[in-house]
1. Among the candidates Glu216, Glu239, which residue alone is free of Cβ contacts under 8 Å to residues at least 24 places away in the same chain, under 19 Å from the mean Cα position of the chain (by Cα) and at negative phi?
2. Regarding segment 50-67, can at least one residue be identified that is open to solvent by less than 30 Å² (accessible area, probe 1.4 Å), out of contact with any strand residue (DSSP E or B) (no Cβ under 9 Å at 6 or more places or on another chain) and farther than 30 Å from Trp292 by Cβ?
3. Taking segment 250-297 on its own, how many of its residues are more than 22 Å from Asn220 (Cα to Cα), charged (D, E, K, R) and open to solvent by less than 30 Å² (accessible area, probe 1.4 Å)?
4. Which helices (runs of 4 or more DSSP H) does segment 1-99 wholly contain that include 2 or more residues that are within 23 Å of Leu175 (Cα to Cα)?
5. Give me a count of the residues in segment 14-50 that are touching a Lys or Arg at 6+ places or on another chain (Cβ under 7 Å) and outside the structural domain of His111 (by the TED database).
6. Quick check: is even one residue across segment 108-130 open to solvent by 70 Å² or more (accessible area, probe 1.4 Å), under 17 Å from Leu149 (Cβ atoms), of a type outside the set (Lys, Arg) and within 20 Å of the chain's Cα centre (by Cα)?
7. Within segment 219-238, does at least one residue satisfy the condition of being of a type in the set (Phe, Trp, Tyr) and in contact with a Leu (Cβ under 9 Å, 6 or more places away or on another chain)?
8. Could you give me the residue pairs with C-beta distances under 7 Å whose first residue belongs to segment 1-28 and is within 15 Å of Lys287 (Cα to Cα), whose second residue is of a type in the set (Gly, Ala, Ser) and assigned to a loop (DSSP other than H, G, I, E, B) wherever it lies, and which are 6+ apart or on separate chains?
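The values are calculated or read from the model by the stated rules, or taken from the named source; none is laboratory data. Since the structure is predicted, the reported quantities are computational estimates derived from the model, not experimental observations. Cβ coordinates were reconstructed from backbone atoms using ideal geometry, including for glycine residues, and neighbour counts include every protein chain displayed. The accessibility values were calculated without ligands, DNA or RNA, using every heavy atom of the protein model including side chains. Shrake-Rupley method; radii C 1.70, N 1.55, O 1.52, S 1.80 Å.
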Amino acid sequence: MEQTYAREIKNICTDFLNRIRIQFEIRKPDQPIFDDCCRTARQMGIALDDILPYLGSASDFAAMSYSHLEHDKQVYIALFTASGIGLEEVCSNDVDSLKNFTHRFIIGKVHGHPIMDSYDMIVRQLPDRFESFAAEAMLQSALDFCVGLVMEYELLKKPALTRPSTQFPTFLRDLTGISRLFGIVVFPDGTPLRSWMESFISSAMQNNDILSFYKEELANESNNYISVKARSKGCTNLEALQMAVDKAVKAYEESVAVLEQSPDALEAFQQFCKGYVDFHLADKRYKNAELWASSQY
């Protein structure tokens with residue numbers, strides 16, 4: 001990648017951080033939870049070897065983004081995240097199994113794949129770990145993830161139509177990003193639904209698309225949100241990245257405005273946003289430390 005292009009990506013990302021008032025820093029979780037995640041997975045009967053490649057990153061994500069939640073919830077989020085990454089990495093091409101995942105889930109049928117069975121097992125624990133309405137909404141989001149992976153597979157086979165939908169990339173991203181689940185869990189049990197339900201958590205979580213863009217460009221990925229959005233809008237990837245920044249900043253500002261009526265909910269949201277960004281800056285997969293270092297000159 002040309003240094004000039006990398007510098008343009010960095011400038012857009014820096015602008016994003018400045019507008020949501022988060023400083024660039026590389027830090028690790030204050031209290032790592034990896035060992036506890038492994039222990040809990042064994043206790044649940046999860047095939048640990050199958051999610052282990054994803055558990056290190058997932059445990060850091062949970063510990064940093066949800067540091068304001070109880071320890072057992074952080075561990076659960078880490079296990080859910082690891083199994084979700086595994087599902088996407090391992091099963092994306094097994095589209096027939098993904099198409100029927102929800103049907104098997106409903107009738108309680110074994111999926112016949114260790115990652116799918118682990119994901120199923122973890123999702124079924126939602127009602128035991130969260131308040132009833134939150135668990136209901138999170139369950140729908142977890143199952144929609146499989147729907148999104150099927151659509152992503154079809155998109156990969158035929159990347160662009162003659163007249164692509166400009167709204168579809170956002171719709172698909174909401175499915176594959178499991179944004180409702182990750183957004184709902186931001187707020188601790190007991191936080192009144194009315195205090196946060198109008199906040200734009202799913203749009204605010206577009207931070208991932210922004211801060212993973214450099215890594216995806218290095219890998220020449222064409223099926224990520226920014227690239228799909230660029231094709232649908234007929235613009236460059238950098239222009240689509242700037243659009244994503246503008247949308248995420250607007251969502252952040254509107255969320256803060258909504259949550260100002262509930263100080264506890266606002267504090268949870270702001271702690272999540274800081275930890276979520278810090279994770280993406282620190283995790284080596286996203287190569288943001290490399291981006292900031294390589295584009296300084």
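1. Testing whether each residue is free of Cβ contacts under 8 Å to residues at least 24 places away in the same chain, under 19 Å from the mean Cα position of the chain (by Cα) and at negative phi leaves just Glu216.
2. Scanning segment 50-67, I find at least one residue that is open to solvent by less than 30 Å² (accessible area, probe 1.4 Å), out of contact with any strand residue (DSSP E or B) (no Cβ under 9 Å at 6 or more places or on another chain) and farther than 30 Å from Trp292 by Cβ, so the answer is yes.
3. Residues of segment 250-297 that are more than 22 Å from Asn220 (Cα to Cα), as a first pass: 250-279, 296-297.
Among the residues that remain, those that are also charged (D, E, K, R) are: 250, 253-254, 260, 264, 267, 274, 278.
From the residues that got through so far, the ones that are open to solvent by less than 30 Å² (accessible area, probe 1.4 Å) too are 278.
Selection size over segment 250-297: 1.
4. 48-65, 71-91, 95-99
5. 1
6. Checked against the condition, which is being open to solvent by 70 Å² or more (accessible area, probe 1.4 Å), under 17 Å from Leu149 (Cβ atoms), of a type outside the set (Lys, Arg) and within 20 Å of the chain's Cα centre (by Cα), segment 108-130 yields no hits at all.
7. yes
8. Listed pairs, sorted by first residue: Gln3/Ser295; Ala6/Ser295; Arg7/Ser295; Lys10/Ser295.
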